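Laboratory data are not the source of any read-out in this text; all were calculated from the coordinates shown. The structure presented is a predicted model; accordingly, all values stated were derived computationally and were not measured.
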């Protein structure tokens, strides 16, 4: 069995430290954890600003919704809403394993892939263990590491891209996990397939390599590594994907990991017994039967990604090369100030300050009409 699995099975960490003033204390590690702040909901902005029309381009949601087949499956499944779901999503595992070319015991489902990030840190980290990640990258990596008393070792990106050589150099005897977000959030960039393959081969066997591919289906570059065929040769490799993005099921919360069965068995010990709902399972199952919807979303997104990136460049703004359904671009002065001006015009985006990328704005790609409205508003928001 893997060394990292043996270590996890021995973990018992009920560490409780006082961070408050009452007789009931929270864990000390929480003193260093901030709340995750998502993009503002449309309803909140309408209510606070008195706006009748608001466009949300802040949370990298699918502008084209989800498959009609998924909606029909959810409507039908409501008749069984009073019944608990099957705990391990066996029907979904069977269909997804056939699609991906992996075994069913190499799949584990979560309440979004975000939950699986938390399961990994819960299962494999003890206080003081180190986790290597890029900077900037998805903020939930660091938050989950700190919650478990671990140490986030952040390696600066180079032009928005993971510096894999520097990340290799940051691995020590205390390192338990390495996160590679590919494509990266918030920059949208990818690492080359040869570079990532070399990285996976060089990471010590006792360190888990977690490759987060939440935006995998949006990638159009030929220089992108297919990681799933590497699973059997690298038991320490975990690949995360989700139905939240191109499949448009963000509101139902279902994602998955492809990983070694021994690692999956450990994560099953720390996950909730019904962590994915009946509705989420059947929606994901039906979505796999609609490849035309996925292809349409990928094609439309690629067109709008190129068009909006060119428009931003024409405004004199630096845009990071993206393989996702969002763009990160630099702005004069504060990204938060630009985001606030856009908000008051009814366009919700994310300021880079909250994403570890000050002086930038991240905009999700919407429909052509939504993107046009964003670009018009931006011309009045840049000083």
Practice item. Rounded to whole Å and sorted largest first, list the principal axis extents of the Cα atoms in region 129-173. Key: 30, 24, 8
Review point. Relative contact order, percent, of the chain when contacts are C-alpha pairs under 8 Å separated by at least 6 residues?
Key: 23
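Kirkwood hydrodynamic radius (Cα pairs, Å) of region 254-383?
Radius from the Kirkwood sum: 17.3 Å.
Relative contact order for region 68-287 using alpha-carbon pairs under 8 Å, separation at least 6, rounded to a whole percent?
30
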Check your understanding: Could you list, bin by bin from short to long, the percent of Cα-Cα pairs of region 200-286 in 5 Å steps?
Key -> 3, 12, 20, 21, 20, 15, 7, 2, 0
Review point. Across region 68-287, how large is the tail of the calculated P(r) beyond 30 Å, expressed as a percent of all Cα pairs?
Key: 21
Revision key, fill the gap. Semi-axes in Å, largest first, for the chain (Cα gyration tensor, √(5λ)) are 32, 26, 23
Review point. Can you give me the Cα centroid spacing of region 134-161 and region 71-109 in angstrom?
Key: 31
Review point. Please state the relative contact order of region 93-221 as a whole percent: Cα pairs under 8 Å, 6+ residues apart?
Key: 22
Review point. Which of rounded, prolate, oblate describes region 152-261, given a ≥ b ≥ c as roots of the alpha-carbon gyration tensor eigenvalues and a/c under 1.5 marking rounded, otherwise prolate only if a/b is larger than b/c?
Key: prolate
Review point. Expressed as a whole number of Å, what is the distance separating the alpha-carbon centroids of region 278-298 and region 186-252?
Key: 20
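Is the shape of region 24-145 best called rounded, prolate or oblate, per the rule: a/c under 1.5 gives rounded, else a/b larger than b/c gives prolate, else oblate, with a ≥ b ≥ c the square roots of the Cα gyration tensor eigenvalues? Mind dumping the intermediate values first?
Working: a/c = 1.82, a/b = 1.05, b/c = 1.73.
Oblate, because a/c is 1.5 or more while a/b does not exceed b/c.
Using helices alone, I'd like the mean residue ellipticity at 222 nm for the chain: each DSSP H run of four-plus residues gives -39500 (n - 2.57), total over residue count, nearest 500.
Only helices count here, giving -11000 deg cm²/dmol.
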